[in-house]
Amino acid sequence: MKLQVSMLLVAWFGVLNCVQAEFFTSIGHMTDLIYAEKDLVQSLKEYILVEEAKLSKIKSWASKMEALTSQSAADPEGYLAHPVNAYKLVKRLNTDWPVLEDLVLQDSAAGFIANLSVQRQFFPTDEDEAGAAKALMRLQDTYKLDPDTISRGDLPGTKYQAMLSVDDCFGMGRSAYNEGDYYHTVLWMEQVLKQLDAGEEATTSKAQVLDYLSYAVFQLGDLHRALELTRRLLSLDPGHERAGGNLRYFERLLEEEREKMLSNHTEAGPSTPGGIYERPVDYLPERDVYESLCRGEGVKLTPRRQKRLFCRYHHGNRTPQLLIAPFKEEDEWDSPHIVRYYDVMSDEEIERIKEIAKPKLARATVRDPKTGVLTVASYRVSKSSWLEEDDDPVVARVNRRMQHITGLTVKTAELLQVANYGMGGQYEPHFDFSRKDEQDAFKRLGTGNRVATFLNYMSDVEAGGATVFPDLGAAIWPKKGTAVFWYNLLRSGEGDYRTRHAACPVLVGCKWVSNKWFHERGQEFLRPCGSTEVD
């Protein structure tokens, strides 16, 4: 057992170097958790053999986990492509396994505890579980999924069956509550009650649910329903101290409301119909347009515009390499001109780039427009790494290919960035170029602004994950081996504000992309500037 623990330590030190929590931001990194959980099951089985007679409850747990990990380890990425599986994996490792540890400590179980203690250093944290719960809620909102659909795991393109139990749903509601998100608290606590009423067994009680639910609806302004739910809670648990205080408080508020209406000779306003509440407005002005495009709705590809889109063979202004083997080019949008190229990267090249990028993956950052400092943000959920040509010949080969296709030089371009999106992975609407009202984000590079973006899709995505342009009403769907290209700057050097774009949340799948940002310097004769702000 000591030898096995030592080997696990060595194996995990490599993972620790590149992963500091935030597992939920990269499906690629979450696959490591599959093997960690499988190791834990094996260790648990060895312990059971020693004290099988005393530990029948733990043996039952191990059998369940063994069945689960045997399935998940056979196809980690495919298994984690289902967001419910990903959420439950994080929740198990952060919440359920530590509970089991307390049970085992009641007896002498030195070997198993040593193994669990070693691996627990690298388990997901509370931040991970909260992030995973937020990811499911993001998918719920973006793709208009109700909690029952998510709980049943009824998602398009899934390979595995996965369901949320009563306790899982309660965890979702509690995560929302802890974040002050009462809208989602209500939705998930109502789902818990629905599953409890259907007879599903759980450790969560109705009284616990009603405690959260009554206060959440009160925070949403539904005083009458808060009072009703509090009375239900007290009927189940008459001694509930907080509920008793809340009941008196709610009754006093209602009495004050009635007195105010009588003095003003007004009638009570309509209560919220059927306990349905509106989703709060947030910071993103184009939220509705953005999410509609993510669902494939509201795309403004009219028949007239579609007639202006063509397919052709592209030889990059008669670049010698492309004269021999031109690329298939397809117009995705006419103005600004967005094109897709086919067969840009082979499967072998994609796998090699993923292989060298994975150890370097770190939480993707954004630049604060006021300070210019790089920081993580909730509106960008992914992990990324930057690859140099010295890392592997395939990087240099892909860089040269992008140069041949675009006719732009890569000498002043940024390094090849590789990104892997996590649970509900997204990048909300943003510009790739630096605006005039920001600090000059690229001043230290001395290469000017980002003139163009070349985006390689390195995986198919079963559902979600589109690249959308809210101002245009355009949506581009990932297709492995293809790439899309557009100019961020007009020929005058001014930013093209129509190129504001976003990476939609990944509903089902594991999304890998790589991109190259070309800069202005060095392109003077390759893309000459113009005197007017036109393409």
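The values are calculated or read from the model by the stated rules, or taken from the named source; none is laboratory data. Everything numeric in this text was worked out from a predicted model, so none of it was measured. Ideal geometry is used to build each Cβ from the backbone, glycine not excepted, and the neighbour counts take in all protein chains shown. Just so you know, the surface numbers come from the protein's heavy atoms only, side chains and all, with ligands and any DNA or RNA stripped out. Shrake-Rupley method; radii C 1.70, N 1.55, O 1.52, S 1.80 Å.
A compact table of results
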item: Unique residue being of a type in the set (A, V, I, L, M), part of a loop (DSSP other than H, G, I, E, B) and in the same structural domain as Ser151 (by the TED database) when the list is Ala226, Ala202, Ala216, Ala176; result: Ala202
item: Strands (runs of 3 or more DSSP E) enclosed by segment 422-490 - at least 2 residues per element that are in contact with a Cys (Cβ under 9 Å, 6 or more places away or on another chain) and in the same structural domain as Trp512 (by the TED database); result: 467-469
item: Sole residue being polar (S, T, N, Q), open to solvent by 50 Å² or more (accessible area, probe 1.4 Å), at negative phi and touching a residue at least 60 places away in the same chain (Cβ under 8 Å), chosen from Gln121, Gln219; result: Gln121
item: All positions within segment 479-519 that are in contact with a strand residue (DSSP E or B) (Cβ under 8 Å, 6 or more places away or on another chain), over 19 Å from Pro429 (Cα atoms), open to solvent by less than 50 Å² (accessible area, probe 1.4 Å) and not hydroxyl-bearing (Ser, Thr, Tyr); result: Gly481, Ala483, Val508, Gly509, Cys510, Phe518, His519
item: Test: residue in segment 134-142 that is surrounded by 21 or more Cβ atoms within 10 Å (Cβ to Cβ) and over 16 Å from the mean Cα position of the chain (by Cα); result: no
item: Out of Asp471, Asp432, Asp535, sole residue that is at pLDDT below 95, under 20 Å from Glu332 (Cβ atoms) and acidic (Asp, Glu); result: Asp535
item: Residues satisfying the stated conditions in segment 388-408, i.e. under 16 Å from Gly316 (Cα atoms) and buried (at least 17 other Cβ atoms within 10 Å of the Cβ); result: Val398, Asn399, Arg401, Met402, Gln403, His404, Ile405, Thr406, Leu408
item: Residue match in segment 334-346 (condition: open to solvent by less than 60 Å² (accessible area, probe 1.4 Å), assigned by the TED database to the domain that holds Leu472, basic (Lys, Arg) and modelled with pLDDT of 95 or more); result: yes
item: Some residue of segment 334-356 being touching a residue at least 40 places away in the same chain (Cβ under 8 Å), out of contact with any strand residue (DSSP E or B) (no Cβ under 8 Å at 6 or more places or on another chain) and within 23 Å of Leu490 (Cα to Cα); result: yes
item: Hey, Arg152 in contact with a strand residue (DSSP E or B) (Cβ under 8 Å, 6 or more places away or on another chain) and of a type outside the set (Gly, Ala, Ser) or not; result: no
item: Any hit, segment 184-195, residues being surrounded by fewer than 24 Cβ atoms within 10 Å (Cβ to Cβ), free of Cβ contacts under 8 Å to residues at least 24 places away in the same chain and either in the same structural domain as Asp141 (by the TED database) or among the small types (Gly, Ala, Ser) (or both); result: yes
item: Whichever residue in segment 97-113 is in a helix (DSSP H, G or I) and surrounded by fewer than 16 Cβ atoms within 10 Å (Cβ to Cβ) and, among such residues, is farthest from the chain's Cα centre (by Cα); result: Ala110
item: Helices (runs of 4 or more DSSP H) contained entirely in segment 284-327, each with at least 2 residues that are at pLDDT below 95, surrounded by fewer than 16 Cβ atoms within 10 Å (Cβ to Cβ) and assigned by the TED database to the domain that holds Leu408; result: 303-306, 320-324
item: Subset of segment 35-60 [assigned to a helix (DSSP H, G or I) and open to solvent by less than 50 Å² (accessible area, probe 1.4 Å)]; result: Ala36, Glu37, Leu40, Val41, Ser43, Leu44, Tyr47, Ile48, Ile58
item: Among (1) within 17 Å of the chain's Cα centre (by Cα); (2) part of a loop (DSSP other than H, G, I, E, B); (3) not acidic (Asp, Glu), the one test that Leu526 misses; result: (1)
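Residues checked against (1) touching a helix residue (DSSP H, G or I) at 6+ places or on another chain (Cβ under 8 Å); (2) closer than 19 Å to Gln219 by Cα:
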{"residue": "Tyr249", "(1), (2)": "no, yes"}
{"residue": "Glu255", "(1), (2)": "no, yes"}
{"residue": "Ser292", "(1), (2)": "no, no"}
{"residue": "Lys307", "(1), (2)": "no, no"}
{"residue": "Phe310", "(1), (2)": "no, no"}
{"residue": "Gln321", "(1), (2)": "yes, no"}
{"residue": "Ala325", "(1), (2)": "no, no"}
{"residue": "Val339", "(1), (2)": "no, no"}
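Every residue, every condition in (1) in a loop (DSSP other than H, G, I, E, B); (2) open to solvent by 20 Å² or more (accessible area, probe 1.4 Å); (3) polar (S, T, N, Q), yes or no:
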residue	(1), (2), (3)
Asp128	no, no, no
Gly153	yes, no, no
Tyr160	yes, yes, no
Met172	no, no, no
